[in-house]
Amino acid sequence: MKFNAENHISVDGDKIIIEDIKKFEAWRGYQLPKDFVEFTLKYPGASMSAEFDSEGRPGSMISNMLKFSKEGYSSIYVDEVYEINDFGPYVLFGEDPGGNFIAFDYSNDELNPAVVFIDHEELGLIELPEGKVEDDYTDAELDSMMSSEKLEDFPWAIHIISSSFEEFIDNLRFKDINSKLLKNNKNINNCIIEIKKELDIEISEVVEKFIKKYNNKLMNEYLLTINGGIILISCLNADLNSRLNMLNFFNRIGGLHKTRKFLPLIYAKLKDDEDVRVIIGIKNLRNEQNVVYIPIEFLKENDKIKDSDFIIITKEIEKFFNDLMEFLENKL
């Protein structure tokens, strides 16, 4: 496959070798297309801004390819999204800025998969067969359909893009990476202003410095001693086009209405229970800001989050972030 990445793609992942690909294929049970393997070996963790058309979804976007690492926020080893943990013949490999996925569809051909767009807002919804109404089903049947953990049970959420990865890449409408918001301080400042407005929160000078310095940085296995130990994974960012943007984070947990005056900053896990993922951020509590953390699943599962649900790390925000940046300088 011939593809010129100049002005289109930035590499945001560690270099990988063919053995990394084969390990994933053995884990997932599907052989990845050769053109995708070629692309991934050349551009690991490719980050981009490009549009494409999928069936019923013109003007869809892709922001990045998933990384061949078992750790981190954008791992191709993902095994659960939006309460779906059985992907069947679908292998996720890319994301858009809004938390939707691009995937290979092996349902018709296990050697030459099609490419599809998975709309997460349609997962968990019921689309009844033509001529059927809800009264045709028992409450138990409706609950079973809505609570399914199988991706195949939500065919209306899956939209065909192309018959191959090469066709998918060839039809992408790229924006030059030099035009991305994060390429100059003027644009990132505008993004921070928008975030402050939407979240109704002030951002101190030291927090703003941290945001600019560590936008979307992976920090796997960096242990910070907070309440028994927190392993930093990655930073959310101020890029309004990114899936890891601070505002897009609220889309992933159900909306901004859940909690007020909370600025999510760092995605992490607890040392004592690595299955628990948390968000570290800034929260206004009793008219003053605190560094806090809260489990991500708790945010997803509860419709309203109380101030008392946040675990306070410290009120000394400036010292915390100065110490954190010094800590990361010795790690990254």
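The values are calculated or read from the model by the stated rules, or taken from the named source; none is laboratory data. Everything numeric here is computed off the predicted structure, so don't read it as measured data. Here the Cβ is made from the backbone with ideal geometry for all residues, glycine too, and neighbour counts use every protein chain on show. Areas reflect the complete protein model, heavy atoms only, side chains present, ligands, DNA and RNA absent. Shrake-Rupley method; radii C 1.70, N 1.55, O 1.52, S 1.80 Å.
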What's the number of the only condition in (1) of a type outside the set (S, T, N, Q); (2) loosely packed, with under 13 Cβ neighbours inside 10 Å; (3) assigned to a strand (DSSP E or B); (4) at pLDDT 85 or above that Ile161 fails to meet? (2)
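Looking for whichever is over 18 Å from Phe165 (Cβ atoms) and among the charged types (D, E, K, R) here; the options are Asp35, Asp96, Asp79. Which one fits?
Details: Asp35 fails: over 18 Å from Phe165 (Cβ atoms); Asp96 fails: over 18 Å from Phe165 (Cβ atoms).
Result: Asp79 is the single residue among Asp35, Asp96, Asp79 that is over 18 Å from Phe165 (Cβ atoms) and among the charged types (D, E, K, R).
One line per residue, one yes/no per condition, for (1) within 29 Å of Leu236 (Cβ to Cβ); (2) aromatic (Phe, Trp, Tyr):
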site	(1), (2)
Pro33	no, no
Phe52	yes, yes
Ser60	yes, no
Lys67	yes, no
Val81	yes, no
Asn112	no, no
Among the listed residues Lys180, Lys175, Lys150, identify the single one that is closer than 28 Å to Gly45 by Cα and modelled with pLDDT under 60. Lys180
State whether the residues of region 200-211 include one that is among the aromatic types (Phe, Trp, Tyr) and either open to solvent by less than 10 Å² (accessible area, probe 1.4 Å) or modelled with pLDDT of 75 or more (or both). yes
Keeping to region 32-46, report how many residues are surrounded by fewer than 20 Cβ atoms within 10 Å (Cβ to Cβ) and free of Cβ contacts under 8 Å to residues at least 60 places away in the same chain. 7
May I ask you to list the residues in region 55-77 that are surrounded by fewer than 21 Cβ atoms within 10 Å (Cβ to Cβ) and either assigned to a strand (DSSP E or B) or of a type in the set (Val, Ile, Thr) (or both)? Arg57, Pro58, Gly59, Ser60, Ser75
